[in-house]
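Q: Can you read through this structure? Questions will come right after.
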Amino acid sequence: MNTFYDANIVLIQATFVGILLALSVQVPLRMGVFSFAGAGSYGIGAYAAANLVIRQDFPALPTLVLSGVVAALVGLALGLVIYRLNGLYLAMATVAFDLTVGVIAVNGGEWTGGANGLFGVLTDLTLPIIVVVVLACVVGVAITEHGRTGRRVDAVREDPELAASMGINVRRYRLLAFVASGFLGGVAGAMNVLARTTIGPADVGFGLVILALTMIIVGGALSWKGAVIGALLFTWLPEALTLVGEWQELVYGFIVLLAGIFLPRGLHGLYVDGRRGVAARRRRSRLARVERQMAGEIDSDAEAEPVAVDERVGS
């Protein structure tokens with residue numbers, strides 16, 4: 001076990017970072033907000049964490065929390081600016097935000113290290129801290145999928161006008177989507193830079209958007225479980241595909257293509273559909289059994305009636 005851990009520590013850390021990155025895009029999509037701002041928040045959190053450690057000598061846990069808060073505030077400001085946009089226009093605005101963060105990273109001077117980035121981000125980050133922080137974030141997201149909050153989120157996503165007519169503050173939920181996305185993305189970026197001890201413009205590019213989308217599309221976009229499945233799959237899949245050598249990228253793309261075509265709701269959606277199908281078959285089976293039993297009772301009563309009449313006639 002220790003040998004496996006030592007040999008795969010980078011992938012294990014990357015898995016937890018990937019979960020938060022995927023959630024930073026999945027949460028707004030589940031609220032009907034077509035936003036990719038989580039990738040930009042990832043960069044903001046990463047550079048905020050690097051500066052907090054290098055310049056203020058912050059420990060790991062406060063750095064993660066404060067970096068997430070900074071990114072959440074930026075996410076709120078972004079949400080206020082582009083609130084009235086929807087659909088493709090909203091998506092393009094958030095992609096522009098992500099690209100802007102990349103430009104700032106290159107031209108940010110001593111705060112970002114320019115094209116070379118920042119190095120020597122050394123702190124007391126350990127795997128237990130990573131696990132606790134990620135679990136806390138996952139539990140927080142999972143809570144929003146159930147109960148009254150879950151129903152309100154579903155209503156905001158499916159029919160904002162109907163939700164507003166029922167007294168749900170759609171604007172508040174959409175802004176909360178940007179805040180939650182910013183916080184999750186910021187913590188993910190901070191966690192990555194504390195684990196790797198370095199950050200550069202190449203680490204906060206448009207590729208993060210593609211990675212996060214791939215995770216939630218294949219894993220499932222309507223539940224935190226899908227984000228976790230996608231993060232696990234696409235963190236470890238490249239390592240497994242090293243067996244195919246130079247065909248690695250082709251096979252990777254082919255897998256994503258097949259998943260997009262045959263798994264429109266992702267792997268978690270496939271599981272949910274399968275479970276509902278089994279439950280529906282069981283209900284139909286029980287209903288058919290009850291109908292047969294009722295039919296048998298009716299037949300027996302119908303056969304008993306003529307006998308009783310004959311007996312009365314004979315008497």
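Q: Once the Cβ-Cβ distance between ARG84 and ALA136 is put in as r, and R0 is 30 Å, what FRET efficiency do you end up with, to the nearest 0.05? Each step should come with its number before you reach the end.
A: On the way: r = 33 Å, r/R0 = 1.10.
Rounded to the nearest 0.05, the efficiency is 0.35.
Q: At a 10 Å Cβ-Cβ cut-off, how would you order MET92, MET294, fewest neighbours first?
A: Lowest to highest Cβ neighbour count: MET294, MET92.
Q: Enumerate the amide H contacts of PHE34 below 5 Å, restricted to partners 5 or more residues apart or on another chain; note that Pro and chain-start residues carry no placed amide H.
A: GLY87
Q: Report, to the nearest 10°, how far helix 37-56 tilts away from the longest principal axis of the Cα atoms in the chain, using its own Cα long axis and a range of 0 to 90°.
A: Value to nearest ten degrees: 40.
Q: Then there is this: Quote the charge dipole size of the chain about the Cα centre in Debye, to the nearest 20; the model charges only the Cβ of Lys and Arg (+1) and of Asp and Glu (-1). Don't skip to the end; give the middle numbers.
A: Numbers: 23 positive and 23 negative charges, 132 e Å.
That gives a dipole near 640 debye.
Q: Go through (i) 19.5, 60; (ii) 26.7, 113; (iii) 20.2, 67 and flag the label whose value is the computed Rg and Dmax of the Cα atoms in Å for this structure.
A: So the structure-derived entry is (ii).
Q: Here is a further query. Report, to the nearest 10°, how far helix 147-158 tilts away from the longest principal axis of the Cα atoms in the chain, using its own Cα long axis and a range of 0 to 90°.
A: So the inclination is approximately 80 degrees.
Q: Label ALA288 and GLU158 with points 7 Å out from Cα along Cα→Cβ: what is the distance between them in nm?
A: 2.9
Q: Provide THR94, THR149, THR198 in ascending order of the number of other Cβ atoms located within 10 Å of each residue's Cβ, fewest first. Write down the numbers at each step before the final one.
A: Numbers: THR94 28, THR149 12, THR198 16.
Ordered from fewest to most neighbouring Cβ atoms within 10 Å, THR94, THR149, THR198 come out as THR149, THR198, THR94.
Q: Could I ask something else about it? Roughly what angle does helix 266-314 make with the longest principal axis of the chain, taking Cα atoms, 0 to 90 degrees, to the nearest 10?
A: Helix 266-314 sits roughly 10 degrees off the main axis of the chain.
Q: Using the beta-carbon distance between ILE210 and ASP6 and R0 = 45 Å, what value does 1/(1 + (r/R0)^6) give for FRET efficiency, to the nearest 0.05?
A: Numbers: r = 30 Å, r/R0 = 0.67.
E(calc), rounded to 0.05, equals 0.90.
Q: To the nearest 0.05, what FRET efficiency results for ARG55 and PHE254 with a Förster distance of 45 Å applied to their C-beta separation?
A: 0.50
Q: Pull out the extension gain between THR149 and ALA295, defined as 0.36 nm times the separation in residues minus the alpha carbon to alpha carbon distance; nm, one decimal.
A: Values: separation 146, 0.36 × 146 = 52.56 nm, distance 4.51 nm.
Using 0.36 nm per residue and subtracting the Cα-Cα distance, I get 48.1 nm.
Q: Something else: So how do THR126, THR3 line up by other beta-carbon neighbours within 10 Å, fewest first?
A: THR3, THR126
The numbers here are math on the coordinates, done by the rules we state, and not lab data. Please read these numbers as outputs of a predicted model, since none were measured by experiment. Note that each Cβ is placed from the backbone with ideal geometry, even for glycine, and that neighbours are counted across all protein chains shown.
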